[in-house]
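Here's the structure we're looking at; comments come further down.
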Amino acid sequence: MKKISILWVDDEIDLLKPHIIFLEKKNYLVTTCQSGQEAIEEIEKTTFDIVFLDENMPGISGLETLTEIKQIDVSLPVVMITKSEEEYLMDEAIGSKIADYLIKPVNPNQILLSLKKSLDNSRLVSERTTANYQQEFRKIAMDLSMVNSYEEWAELYKKLIFWELQLEEIEDSSMFEILESQKVEANSQFSKFIDKRYTDWFEDEDGPIMSHTLFRKLIKPELKDEKTLLVVVDNLRYDQWLAFEETLSTFYKKKKEVPYFSILPTATQYARNAIFSGLTPLDMEKQHPNWWKNDTDEGGKNLYEKEFLGAQLKRLGLDLKWEYHKISNLKQGKQLAHNYKAQKDNDLTVLVYNFVDMLSHSKTEMEVIKELASNDKAYRSLTVSWFKNSPLLDIIQQAQSLGQKLIITTDHGTINVKHPSKVIGDRETSLNLRYKTGRSLTYEDKDVLAATDPKKIHLPNINVSSSYIFAKNDLFFAYPNNYNHYVGYYRNTYQHGGVSLEEMIIPFVVLEAK
């Protein structure tokens, strides 16, 4: 095994001989020099793994030397050592991206700890994360065999996401593969649970919060005294929310986080209309036939969210000054960001942001997005990159400066589909890949959750004999015609409408301005 090579730079290097002997006994290779200029010359001709650099030396200072070192090799870790506890020195050193900062006198174990932090950190974290997940694996497997309530499913799903985010940071792909197999098993069990329990949730006041009860149960209690910005990011999975949560922490402090359940189908025209109307799709069709559109109807399916929201606010007795905005492209986002201060007097500003939905559809249609979002880790990363550079973050910063409360939620999630399931229907059958509604549907029973009487799950009957089927796990529906081309085109794309943890268990988050 190759020895770790250290360059130690100090004008009093002879006094550090005991430290150097200690490190050499630990199998480190130590090169010494007594000035910044010597250090720069050494680094130009020799490859080192880390540099210990005294701040206070004659000639060029430690900070000046640090700048020169970073110009030669920006990735070379540098540990600054100084007698001074001056805050400005710490600020300058940290600003120059040092690996660590030690105050003299240092003892050998401090040096050893600094080496491990700087060089062994990823290995030690990887080993500990792997060991912790191996222990947790058995507990998750046991939970999977026993979980029997919507609360337990929400907790189990959040636990799986936690480990997914932990394991993606380490290099042990075998552990990640084991977790992936647990997610597949969890989705299989979850589909069975939904098949048994979903119908009852509509009649059970103690059932989970769902799309049509979200506003009444969770949003309304937050609309008391503070002016509020409600952001509904279309198609936002729980893991995507957790990935960009840290970006918000500069401006907002999390007050509450509640997982809630999207209704079926987990599709925008059903779930998001249900949020804004406070009604099930069946009740929307009955009470607002001019605003509700079925799958087979012509025209946009989410054109009346503002009207649905207005009717719900009136029904709930909420006398608020409110505005509704829908952002579907960069220009609209920039325009709202530019004029956001005009929202300062609103009790409630509602913002629907469609980027993530567009991203998932782009992955289906554009080869470059397929490359950039080839798996869940890349999909999360792309979401975070968008959020950090989006008008939405600008709007949220302005909301914070106006002292507005922030609520972030979504209408449904999405799942990376891997396996096709054959389905046959007539010309009136809906086109979605994760659910179908129509007459005389022929399908694989084991692959779907079927609703032969849609009214039982509060969905409208398009025709007297219409039924709904929802794809389970990571399946997607494919017609026998041109089957191989169709499957090749849609496999490994992000779809929604069906039954999975990723699509149904979604975040509702309340944040307070810092």
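The values are calculated or read from the model by the stated rules, or taken from the named source; none is laboratory data. Just so you know, these numbers come straight off a predicted model, no measurement behind them. All Cβ positions, glycine included, derive from the backbone under ideal geometry; neighbour counts span all protein chains shown.
Tabulated results
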{"item": "Candidate set: the range 39-65, residues that are in contact with a Gly (Cβ under 9 Å, 6 or more places away or on another chain) and not in a loop (DSSP other than H, G, I, E, B); chosen: the one farthest from residue 3 (Cα to Cα)", "result": "64"}
{"item": "Residue list for the range 498-514, restricted to those being buried (at least 22 other Cβ atoms within 10 Å of the Cβ) and touching a strand residue (DSSP E or B) at 6+ places or on another chain (Cβ under 6 Å)", "result": "498, 499, 500, 502, 503, 504, 505, 511"}
{"item": "Matching residues, the range 148-159, being surrounded by fewer than 19 Cβ atoms within 10 Å (Cβ to Cβ) and not hydroxyl-bearing (Ser, Thr, Tyr)", "result": "148, 151, 152, 155, 158, 159"}
{"item": "Close pairs from the range 342-355: first touching a residue at least 60 places away in the same chain (Cβ under 8 Å), partner surrounded by 21 or more Cβ atoms within 10 Å (Cβ to Cβ) and among the acidic types (Asp, Glu), Cβ under 7 Å, at least 6 apart", "result": "352/234; 353/234; 354/234"}
{"item": "Pair list, Cβ < 7 Å and 6+ apart or interchain, from the range 182-196 residues that are farther than 12 Å from residue 147 by Cβ to residues that are hydroxyl-bearing (Ser, Thr, Tyr)", "result": "187/500"}
{"item": "Test result for residue 177, surrounded by fewer than 19 Cβ atoms within 10 Å (Cβ to Cβ) and either under 28 Å from residue 315 (Cα atoms) or touching a Ser or Thr at 6+ places or on another chain (Cβ under 8 Å) (or both)", "result": "no"}
{"item": "Complete set of residues in the range 28-38 that are among the aliphatic types (A, V, I, L, M) and either surrounded by fewer than 18 Cβ atoms within 10 Å (Cβ to Cβ) or in a loop (DSSP other than H, G, I, E, B) (or both)", "result": "29"}
{"item": "Any chance residue 422 is under 19 Å from residue 263 (Cα atoms) and outside any loop (DSSP other than H, G, I, E, B)", "result": "no"}
{"item": "Output for the range 38-60, where each listed residue is over 44 Å from the mean Cα position of the chain (by Cα), in contact (Cβ under 8 Å) with a residue 40 or more places away in the chain and farther than 17 Å from residue 105 by Cβ", "result": "58"}
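Here's the yes/no breakdown for (1) at negative phi; (2) of a type in the set (D, E, K, R); (3) in contact with a Pro (Cβ under 9 Å, 6 or more places away or on another chain); (4) modelled with pLDDT of 85 or more:
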position	(1), (2), (3), (4)
158	yes, yes, yes, yes
173	yes, no, no, no
210	yes, no, no, yes
216	yes, yes, no, yes
